[in-house]
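Worksheet: one structure, shown below.
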Amino acid sequence: MKQSLFEHRHRAQWEQFSLLLDRLERDGKADGADNFPADYRRICQHLALARERGYSSFLIDSLQQQVLRGHQQLYRHRSQLTGLVLGFVLAGFPRLVREQWRFVLASSLLFFGSLIAFAGLVYVFPDLVYNLIPAAQVSEMHTMYDPDAGHLGRSMERAASEDWAMFGYYILHNIGIAFQTFASGLLFGLGSAFFLIFNGLMIGAVAGHLTYIGYGQSFWSFVVGHSAFELTAIALAGAAGLQLGWALIAPGRLPRAEALRLTAHKSVLLICGVMLFLLIAAFIEAYWSSMTTPGPLIKYLVGAALWVLVAAYLLFAGRTHHAPE
Amino acid sequence: MLDTTALPRKATLPPPLDTRYQVETPEGMDLPLRPAGLMVRALAFAIDLALRGLILGLLFIALAMLGKLGAGLGSILLFGVSWWYMVLFEVFNQGRSPGKQWMGLRVIQDDGSPVGWSASLLRNLLRFVDMLPFGYFLGAISCLQHPNFKRLGDLAAGTLVIYRDQPLTRPQLPLAPPCRSPFALTLNEQRAILGFAERQAGLSDARVNELASILARPLQVPPPRAVAELNGIAHGLLGPP
């Protein structure tokens, strides 16, 4: 069949398909899309014919464009986002954490290990804190957690709008740290290990120092609430980063690029859970931790309850298969 | 007289030296995609960066009037714009951030399907590593050495930045009376002759004559007649309109 005849016969179909594609690309759905797969396959067939019969480049290229656009629409990811998110929060995330327990353990050891060890060291040798944190920042911390000042956290009397400001600040700052800890894992895990240890040392230094100078009560009652979510989240972000690095170090039987690609798609899910944890942490830190009315005892109790909650969630949620997927 | 050593007719041509990337769809179609190189991607990123700066600047001026509440909203906005700007545009705007749209680029998955949430989030989170130690150093190295110009984030996420297809306009074939080729044409030869006719409007006369005269001998016509002869064969292949 000559090209002109072929074009003449099918042009109407192509134009119709192109209009359908336009609508699908603009709105995501369109009337008459029920026959889309069949239409798409017919265009594929026309393209194959055109190639096989050696028709001109213009015809083949324009059919190719239509096939590519159709391919994009037919193989688009369509999923029920709310259902997915719910299933992930209720079961998927804790399952994933348990599945990756080796990396979670390694990352927790790096992070909490350096935190506790350095806190102990600073408590015993108080001058060590100045090796890590500049003196100006240390004195700033003193004013923040001074038990006589009657306020907690980073500022003076905090109005509701102040809480908002801190909420935003915590989101920006903490999720930024978590993202960095994760992403730098691509450098064979070294970046994640660095950020885990570095943040562990910083937090440990602050904790040890404030406890040593007698501000322990105000410091610990401030941090105990949100730390359950915040510290766990940093450790999990580190675990996701270490996982990336490990895929490059020990790819198993796959090529490195392939191993990285497969692992990365799992670890990014961990990061989604980490973001959720950090949002909760920022909320608690801005609105509950900064309150001064509840006594330290209540704060400790609530804090302990939150730690137990996080641990129970990560350990037990999603174990039964009745859980909504 | 231009003397050319034409390849023997049955010889297979070496694969063309170009950057095209073939995707095979489940329907068995090979779709050629054109990955975008470092320069055009850097330009697209620069446009996005400038745009983000502009958005943040304007919003901060507006939020500065709101005091502390504004500061909180400002931090959340800064977070959103710095980490989510690319992701949201890529997922909701068919893989095109404004900079990419401007430069005619888009992001897709390796298999040719549109980029999804996890791939887009991944490639944009890992941007942090691409920027190390300064000014996209690692990203540029990775992009320059990879056959499909992937930076590290693209490697991990399995994504690809390609040129978008521009809509084609039907080329005008030069008029000539249709005729038959003096010998049977292979498919490639047929496409080459049609391509010659379709692209003629964009070539200079001298070049057109030079190209056509290569084929004068096999067509058994004097070189000045070769162009008309080739156009005639092209019309003959197309058939009557």
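Please treat every number below as a calculation from the coordinates, not as lab data. Everything numeric in this text was worked out from a predicted model, so none of it was measured. Cβ atoms come from the backbone with ideal geometry, glycine included; neighbour counts cover every protein chain shown.
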If one computes the Cα centroid of the stretch A:23-81 and of the stretch B:104-181, what distance in Å separates the two points? 20
Would you mind classifying chain B by shape? Square roots of the alpha carbon gyration tensor eigenvalues, ordered a ≥ b ≥ c; an a/c under 1.5 is rounded, otherwise it is prolate if a/b is larger than b/c and oblate if not. prolate
The long-range amide H neighbours of B:V23, using H built 1.01 Å from N in the peptide plane and a cut-off of under 5 Å, are B:L31, B:L33
Run through the stretch B:161-223 and list the trypsin sites (Lys or Arg not before Pro) located in a DSSP loop whose Cβ has at most 15 other Cβ atoms within 10 Å. B:R180, B:R199
Please give the helix A:3-27 orientation as an angle from the longest Cα principal axis of chain A, in degrees from 0 to 90, rounded to the nearest 10. 20
Cα atoms only: what Rg and Dmax, in Å, come out for the stretch A:167-325? 17.8, 59
Give the order of B:C143, A:C44 when sorted by the count of other beta carbons within 10 angstrom, beginning with the fewest. A:C44, B:C143
B:H146 label point, 7 Å along Cα→Cβ, cut-off 18 Å on backbone N: hits in the stretch A:232-269? A:244-249, A:255-268
I need the Kirkwood Rh of the protein assembly as shown: take the reciprocal of the average 1/r across all distinct C-alpha pairs and report it in angstrom. 28.1
Between helix A:256-284 and chain A, what is the angle of the helix's C-alpha long axis to the longest principal axis, kept within 0 to 90° and rounded to the nearest 10? 50
Per DSSP, the loop-located chymotrypsin sites (Phe, Trp or Tyr not before Pro) within the stretch B:162-212 having at most 13 other beta carbons within 10 Å are B:F183
Is any helix in chain B, taking whole DSSP H runs, at least 30 angstrom long along its axis by alpha carbon and on average at least -0.5 on the Kyte-Doolittle scale, and which ones? B:38-64, B:68-92
Degrees, to the nearest 10: A:135-144 long Cα axis against longest axis of chain A: 80
Does the stretch A:3-74 come out rounded, prolate or oblate, given a ≥ b ≥ c as the square roots of the eigenvalues of its C-alpha gyration tensor, rounded meaning a/c under 1.5 and, failing that, prolate meaning a/b above b/c? prolate
What are the radius of gyration and Dmax of the stretch B:187-238, computed over its Cα atoms and given in Å? 10.1, 27
Computed FRET efficiency, Cβ-Cβ of B:L203 and A:L262, R0 41 Å: what is it to the nearest 0.05? 0.30
Pairwise FRET efficiency - B:R34 versus A:R78, Cβ, R0 = 25 Å, nearest 0.05: 0.40
Using the Cα atoms of the stretch B:111-211 to build a convex hull, what is its mean projected area in square nanometres? 11.2
When the scattering of chain A is computed by the Debye formula from its Cα atoms alone, each counted once and equally, what is log10 I(q)/I(0) at q = 0.07, 0.10 Å⁻¹? -0.46, -0.74
Provide A:W14, A:W164, B:W84 in ascending order of the number of other Cβ atoms located within 10 Å of each residue's Cβ, fewest first. B:W84, A:W14, A:W164
Under a 10 Å cutoff between Cα atoms, tell me which one of B:T186, B:T19, B:T159 has the largest fluctuation in the Gaussian network model of chain B. B:T186
The FRET efficiency for B:I76 and B:Q220, from their Cβ-Cβ distance with R0 = 60 Å and rounded to 0.05, is 0.20
Taking Rh as the Kirkwood radius computed over C-alpha pairs, what is the Stokes-Einstein D of the stretch A:27-143 at 4 °C in a medium of viscosity 1.567 mPa s, expressed in µm² per second? 61
Do any chymotrypsin sites (Phe, Trp or Tyr not before Pro) in the stretch A:31-64 lie in a loop, going by DSSP, with at most 14 other beta-carbon atoms within 10 Å of their beta carbon, and if so which? none
